[in-house]
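**Student:** Sharing a structure with you now.
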Amino acid sequence: MDRIAIFAALRWECQPPLRFLRHVSKRRLGTLTLWQGQARRAEIWLIKTGMGMERADHAARLALDAGRFDLLMSTGCAGALAPQLTAGELVIASELIDRTTGHRYPTDAGTRAAAEAAARRAAVPVVSQPSLCSAQMLASVADRRALLAQTGAVAVDMEGAAIAAYAAAVSIPFASVRAILDTADVDLDTTTPFIDPQTGAVKPLALAATLVRHPGLVPRLVSMQSMMSAAQRSLNQFFAAWLNP
């Protein structure tokens, strides 16, 4: 039976694969939360990394020190760079580009094809295109447009390249499956100060302070909540089809 490590930054991003695992046990992997369980054809290690490249790098190192794997997968949400992508659309990366180094990490063709087939069975809209990993959040619409033009990547996340780098170093297949959260026309400049980078949870006092400064932010927050629901719904449908075909 294959062993697959799935890495997701935040608790809500871990929920879609977790809900379709059987015989699940929860333990600590160093400072991280690890769930071990069974899918129909594989043993799954699901690891919550926290946000950002440094945390993802740490998680990949701990996982590879602890076990042997046949596939490493990065999942969760992503921001759209391409204007045609909508909230909830899946991006199964054909390659992952590290914004800092410019290195391009191809994803495993067989896993990519199986993931695309699972998305189609689940009736989830999906594209297979290059995706970008950035150590810094792309808050402005202008930044997104510039990187779309420069790299050809259609989406961006903040962890995947660290996982891809470890996979490449030890010759393990790598895949990236992300659901679009914020679309390319969403400006995040005023929404980031109240998000905890480790958990993704809202910090109430910081939120209150932000709303005092930006009272017009409420409709945008409602829209972001709707986008998050769409992203999680697509990931739920995908993992139901992919983990237990």
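The values are calculated or read from the model by the stated rules, or taken from the named source; none is laboratory data. Just so you know, these numbers come straight off a predicted model, no measurement behind them. Positions of Cβ are backbone-derived with ideal geometry, glycine not excepted, and every protein chain shown enters the neighbour counts.
**Student:** Can you name the condition, by its number, that P17 falls short on among (1) in contact (Cβ under 8 Å) with a residue 60 or more places away in the chain; (2) over 17 Å from the mean Cα position of the chain (by Cα)?
**Tutor:** (2)
**Student:** Between residues in segment 71-94 that are without any contact (Cβ under 8 Å) to a residue 40 or more places away in the chain and residues that are part of a strand (DSSP E or B) and surrounded by fewer than 24 Cβ atoms within 10 Å (Cβ to Cβ), which pairs lie under 9 Å by C-beta distance while being six or more apart or on different chains?
**Tutor:** Final answer for the pair search is Q84/V127; S94/P106.
**Student:** Go through segment 47-68 residue by residue and tally those that are in contact with a Ser or Thr (Cβ under 9 Å, 6 or more places away or on another chain), within 13 Å of A8 (Cβ to Cβ) and not in a loop (DSSP other than H, G, I, E, B).
**Tutor:** Qualifying residue count, segment 47-68: 6.
**Student:** Examine segment 99-120 for a residue that is of a type in the set (V, I, T), more than 24 Å from Q237 (Cα to Cα) and under 19 Å from the mean Cα position of the chain (by Cα), and state whether such a residue exists.
**Tutor:** Restricting attention to segment 99-120, the residues satisfying the condition of being of a type in the set (V, I, T) are 100-101, 107, 111.
Restricting the remaining residues to those that are more than 24 Å from Q237 (Cα to Cα) gives 100-101.
Now narrow it down to the ones that are under 19 Å from the mean Cα position of the chain (by Cα): 100.
Yes, there is a match, as at least one residue in segment 99-120 is of a type in the set (V, I, T), more than 24 Å from Q237 (Cα to Cα) and under 19 Å from the mean Cα position of the chain (by Cα).
**Student:** Can you name the residue in segment 1-51 that is of a type in the set (G, A, S) and under 13 Å from L72 (Cα atoms) and, of all such residues, is surrounded by the fewest Cβ atoms within 10 Å (Cβ to Cβ)? It would help to see each step written out before you state the result.
**Tutor:** Our first condition is that a residue be of a type in the set (G, A, S); within segment 1-51, this holds for 5, 8-9, 25, 30, 37, 39, 42, 50.
Add one more test, that the residue is under 13 Å from L72 (Cα atoms), and what stays is 5, 8, 42.
Numbers: A5: 27, A8: 27, A42: 16.
Top of the filtered list is A42.
**Student:** Return yes or no: is G30 touching a helix residue (DSSP H, G or I) at 6+ places or on another chain (Cβ under 6 Å) and under 27 Å from M137 (Cα atoms)?
**Tutor:** Working: touching a helix residue (DSSP H, G or I) at 6+ places or on another chain (Cβ under 6 Å): yes; under 27 Å from M137 (Cα atoms): yes.
Considered against the rule, which asks whether it is touching a helix residue (DSSP H, G or I) at 6+ places or on another chain (Cβ under 6 Å) and under 27 Å from M137 (Cα atoms), G30 comes out as yes.
**Student:** Something else now. How do the strands (runs of 3 or more DSSP E) wholly within segment 88-163 filter down when requiring 3 or more residues that are modelled with pLDDT of 95 or more and more than 19 Å from A56 (Cβ to Cβ): which remain? Break it down into steps so the answer makes sense when it comes.
**Tutor:** Details: elements: 90-92, 95-98, 104-106, 131-133, 155-157.
Answer list for segment 88-163: none.
**Student:** If you scan segment 116-160, which residues turn out to be of a type in the set (A, V, I, L, M), touching a strand residue (DSSP E or B) at 6+ places or on another chain (Cβ under 8 Å) and closer than 26 Å to F20 by Cβ?
**Tutor:** Across segment 116-160, the qualifying residues are A119, V124, V126, V127, A155, M158.
**Student:** Looking for whichever is surrounded by fewer than 21 Cβ atoms within 10 Å (Cβ to Cβ) and at negative phi here; the options are A139, A162. Which one fits?
**Tutor:** Details: A162 fails: surrounded by fewer than 21 Cβ atoms within 10 Å (Cβ to Cβ).
Checking each option against the conditions leaves just A139.
**Student:** Of the residues T210, T199, T183, which is of a type in the set (V, I, T), at pLDDT below 95 and within 14 Å of the chain's Cα centre (by Cα)? Break it down stepwise before answering.
**Tutor:** Details: T210 fails: within 14 Å of the chain's Cα centre (by Cα); T183 fails: within 14 Å of the chain's Cα centre (by Cα).
None of the others qualify; the one that does is T199.
**Student:** Determine, yes or no, whether K48 is more than 14 Å from the chain's Cα centre (by Cα) and among the basic types (K, R). Let's see the steps before the verdict.
**Tutor:** Values: more than 14 Å from the chain's Cα centre (by Cα): no; among the basic types (K, R): yes.
Considered against the rule, which asks whether it is more than 14 Å from the chain's Cα centre (by Cα) and among the basic types (K, R), K48 comes out as no.
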